[in-house]
Ligand code: ADP
């Protein structure tokens, strides 16, 4: 199957997805926070934070894996996105690295399906259109390079984000067709 056919864009709550791994937009402490991080910890139960304590945090742009506990997902990949600060502090490269490292971890653990939230675009303030182009570009590249990845879901929380993802994917498709 082509890379595009293995990429799905949906609107919903990532905590409800039955996949090998869901990605958490965590903060560097890995000890929980607001937004999707809080929702994942609430749904997974207190054992998740216990395992996270042993990971001793995570650097921006990197990712670490735990079990999924009470979630339908088997694992949680915690990645730390950059806080948007005008775009001159390597935010683009750090965000791309979150997607890349998460996919690397999934492959290291022989997982085949993964769901991502819109990392950094909530409390961390990364502009959604720009983040979306980075996310979709990298995820399509990962799918093309690695046949072991069966399914990647971009799980948008709002209808607004979902529309941006759909539109951006169309644009990328048109650009590829024109090349
Ligand atoms: P960050 O600190 O990386 O910006 P946030 O959790 O504030 O992380 O926001 C990241 C994205 O996750 C936002 O698009 C937000 O709307 C979304 N989000 C919040 N809760 C959920 C959820 N339960 N499922 C999927 N996405 C969610």
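Running a GNM on the chain with Cα contacts under 10 Å, which residue among 158, 120, 97 ends up with the highest mean-square fluctuation?
158
FRET efficiency for residue 176 and residue 90, Cβ-Cβ distance as r, R0 = 25 Å, nearest 0.05?
Efficiency at R0 = 25 Å is approximately 0.40.
Please list the three semi-axes, largest first and in whole Å, of the ellipsoid equivalent to the range 82-179, using sqrt of 5 times the eigenvalues of its alpha carbon gyration tensor.
Value: 21, 17, 14 Å, ordered largest first.
For the Cα atoms of the chain, what angle does the longest principal axis make with the long axis of helix 159-178, in degrees from 0 to 90, nearest 10?
Helix 159-178 and the main axis of the chain meet at about 40 degrees.
In degrees between 0 and 90, to the nearest 10, how far off the longest principal axis of the chain does helix 91-108 point, with axes built from Cα atoms?
70
Connecting C-alpha atoms closer than 10 Å in a GNM of the chain, tell me which of 78, 109, 41 has the biggest fluctuation.
Ranking 78, 109, 41 by mean-square fluctuation puts 109 first.
To check you understand DSSP bridge types, tell me what percent of the beta bridges within the chain (both residues inside) are antiparallel, rounded to 5.
25
So how tilted is helix 128-145 from the main axis of the chain? Cα-based, degrees 0 to 90, rounded to 10.
90
What number, in percent, do you get for the relative contact order of the range 98-179 if the mean sequence gap of Cα pairs under 8 Å and at least 6 apart is divided by its residue count?
The value is 38 percent.
What is the fewest-to-most order of 165, 124 by other Cβ atoms lying within 10 Å of their Cβ?
In increasing order of surrounding Cβ atoms, one gets 124, 165.
What is the range 1-99 by shape, rounded, prolate or oblate, if you read a ≥ b ≥ c off the alpha carbon gyration tensor as root eigenvalues and call it rounded for a/c under 1.5, prolate for a/b larger than b/c, and oblate otherwise?
In terms of gyration-tensor shape, oblate.
With springs only between Cα atoms under 10 Å apart, run a GNM on the chain and tell me which of 50, 24, 70 wobbles the most.
In the Gaussian network model the winner is 50.
Quick one: Debye curve from the alpha-carbon atoms of the range 4-178 only, equal weights, vacuum; give me log10 I(q)/I(0) at q = 0.15, 0.18 Å⁻¹ to two decimals.
For the requested q values the scattering log ratios are -0.77, -1.15.
Express the relative contact order of the range 4-178 as a whole percentage, based on alpha carbon pairs under 8 Å and six or more residues apart in sequence.
29
Let me have the 222 nm mean residue ellipticity of the chain computed from DSSP H runs of 4+ only, each contributing -39500 (n - 2.57), with the sum over all residues rounded to the nearest 500.
-13500 deg cm²/dmol
Using R₀ = 41 Å, calculate the FRET efficiency as 1/(1 + (r/R₀)^6) where r is the Cβ-Cβ separation of residue 29 and residue 147; round to 0.05.
0.70
Express in whole angstrom the spacing between the alpha-carbon centres of the range 96-136 and the range 19-78.
Between the Cα centre of the range 96-136 and that of the range 19-78, the gap is 14 Å.
Readers should treat all values here as calculations from the given coordinates under stated rules, not as data from a laboratory. Here the structure is a predicted model, which means the values were calculated and not measured. Methodologically, a virtual Cβ is constructed for each residue, glycine included, from the backbone with ideal geometry; neighbour enumeration extends over all protein chains shown.
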